[in-house]
């Protein structure tokens, strides 16, 4: 490929992303009421964790493992944004894609179907972030979080939530593609999401976990999509830890992309669905 | 009505029909069992985690919280097996106008609308919850006497009725607002709060979880029965609240029904 052709291809891809993202913003903004109802419903989960751990902290004389109720509040308020960044195309959607032949139509396009998912959900995130701001304000008024954010932390956080978004998109795509081989996947998904709940920092800041759990979570992707971005903003990580965290995210993005490419190539060879 | 037991017989007949229908799909039992066991294992891990950092939570010990967990799972099973399926069908019927079929039958429409569907496999959670509860009851220091067992049973029944009233009141909203599907998800989210005793929540949340969404009555109160914390006055208060809410839902049902236009037009 000549340099000019490569340039043109990159430009076309950027155009594709821009267009799909803009479509997602316009489409999802129409459903702002439904989007909001969904986000409000999502808030009960972190509020429950926050209340439980604040109670424990107070019973222990003000802090658990050095975390005060104010810091728990900060953790679980940032949690709500990171949780929203973690919403990507669901693996449960793959069954419908394959059974109803949507995938056939996607195959006719000249770009790999993952680009559409990545662009669409990324566009949606901008709507979600706008809707999230007032919610965060209300939660902050009620639960009084303590924040100490440095400029570096703010920058790293802005990058890390998109790293988290990419990693989780790739992982759930790989998980979803299992549907190429079998449609009895609900038990597998259940196990995956349970492991994620326990090992990502979604349930509780990972420092509260036993040390062996912490060690396991370091070598799995879950923590880098959830606990790490939250701790960047709500925790007190050293600059070195921030950069190491970003480096691990880059590794997982690369690994995830390679996995998606590999499993896709194997899976698509088995694909034989109806078209329409 | 000439026969006082007719409503019960009717409900029993519906239950038998649903059970026979679902018994055809036996693999679903094992799928449900796996799901329930994963959920219980996760909940136990969370409990262990909390109590690795503290000896008691808002005055509740680990074994007492196990009792709360047991009641939560058990009541969740009742809700998903009996209450939720009927209410979901009612929402669909109102939207599609097919409630006509229930209204034209020679029996009380509220009774019919509340007993048409049973998901017996969801009832697996009732068994799992009962096992957790039994383990908790053995481990709690206070001996469970005949009175506290009775108090527990009454509290559980009142709790189930209250959750039913709450769900029905929300569902009746479908007569005014047609799109009500989102309440299922909303209720599931809020119900998770019941895994912990309501006493640990800050004041305004506790009031909400007691009177707006009756989690306190549905889960915490029966658990107090098992752990020997329940007194007669509280139980009498819960009974009075249940009676009042039943009467209110009945009135709301009649009012809502007048808004129903039906499909035959």
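We did not get these values from a lab; they are worked out from the coordinates using the rules stated. Just so it is clear, the structure is predicted and the values come from calculations on it, not from any experiment. Ideal geometry is used to build each Cβ from the backbone, glycine not excepted, and the neighbour counts take in all protein chains shown.
The label point for residue B:236 and the one for residue A:33, both projected 7 Å from the Cα toward the Cβ, are 4.7 nm apart. Would you please classify the overall shape of segment A:80-125 from the alpha carbon gyration tensor, given that a ≥ b ≥ c denote the square roots of the eigenvalues, rounded means a/c under 1.5, and beyond that prolate means a/b larger than b/c while oblate covers the rest? Note, shape of segment A:80-125 comes out oblate. With respect to chain B, whose longest principal axis is taken over its alpha-carbon atoms, helix B:62-78 is tilted by about 10°. Neighbouring Cβ atoms from other chains, within 10 Å of the Cβ of residues in B:37-44, number 2 on average. Cβ-Cβ distance of residue B:261 and residue A:40, R₀ of 35 Å, FRET efficiency by 1/(1 + (r/R0)^6): the value works out to about 0.70.
Compared with the dominant principal axis of the Cα atoms in chain B, helix B:27-51 is inclined by about 40°.
Note on A:140, B:114: ascending count of other Cβ atoms within 10 Å places them as A:140, B:114, the fewest first.
Annotation: the residues A:138, A:204, sorted from fewest to most other C-beta atoms within 10 Å of their own C-beta, follow the order A:138, A:204. Please grab the % of Cα pairs in the protein assembly as shown that end up more than 39 Å from each other. Cα-Cα pairs in the protein assembly as shown separated by more than 39 Å: 35 percent.
Where in segment A:88-114 does the amide nitrogen come within less than 19 Å of the point 7 Å from the Cα of residue A:8, taken along Cα to Cβ? Within reach of a label on residue A:8: A:110-112. Between segment A:52-99 and segment B:155-201, the alpha-carbon centres lie 23 Å apart.
Once you reduce segment A:216-276 and segment A:150-213 to the center of their Cα atoms, the two points are 8 Å from each other. For chain A, the Cα-based Rg and Dmax, in that order, read 20.1, 67 Å.
Convex hull volume of the Cα atoms of segment A:120-276, normalised per residue: 156 Å³.
Counting each pair of different Cα atoms once, what's the Kirkwood radius of segment A:1-147 in Å, rounded to one decimal?
Here the Kirkwood hydrodynamic radius works out to 18.3 Å.
Rg and Dmax over the alpha-carbon atoms of segment B:210-256 stand at 12.8, 41 Å. Can you check what the Kirkwood hydrodynamic radius comes to for segment B:33-131, Cα pairs only, in Å to one decimal? By the Kirkwood definition, the hydrodynamic radius is 15.8 Å. Extending 7 Å from the Cα toward the beta-carbon at both residue B:138 and residue A:133 defines two label points whose distance is 5.7 nm.
Considering helices alone, the calculated mean residue ellipticity of chain B at 222 nm is -21500 deg cm²/dmol, with DSSP H runs of length four and up weighted by -39500 (n - 2.57) and normalised per residue. Note that segment B:110-224 carries a Kirkwood radius of 16.0 Å, evaluated over its alpha carbons pair by pair. Axis of helix A:113-143 versus longest Cα principal axis of chain A: the two differ by about 20°, to the nearest ten degrees.
Pairwise Cα distances in segment B:83-138 exceed 17 Å for 52 percent of all pairs. Modelled spin-label separation between residue A:194 and residue B:250, with each label point placed 7 Å from Cα along the Cα-to-Cβ direction: 4.4 nm. The mean number of partner chain beta-carbon atoms within 10 angstrom of a residue's beta-carbon across peptide A:37-46 is 3. With no solvent and one equal point scatterer per Cα, compute the Debye intensity ratio I(q)/I(0) for chain B at 0.09 Å⁻¹ and report its log10, rounded to two decimals. Evaluating at q = 0.09 Å⁻¹ gives log10 I(q)/I(0) of -0.45.
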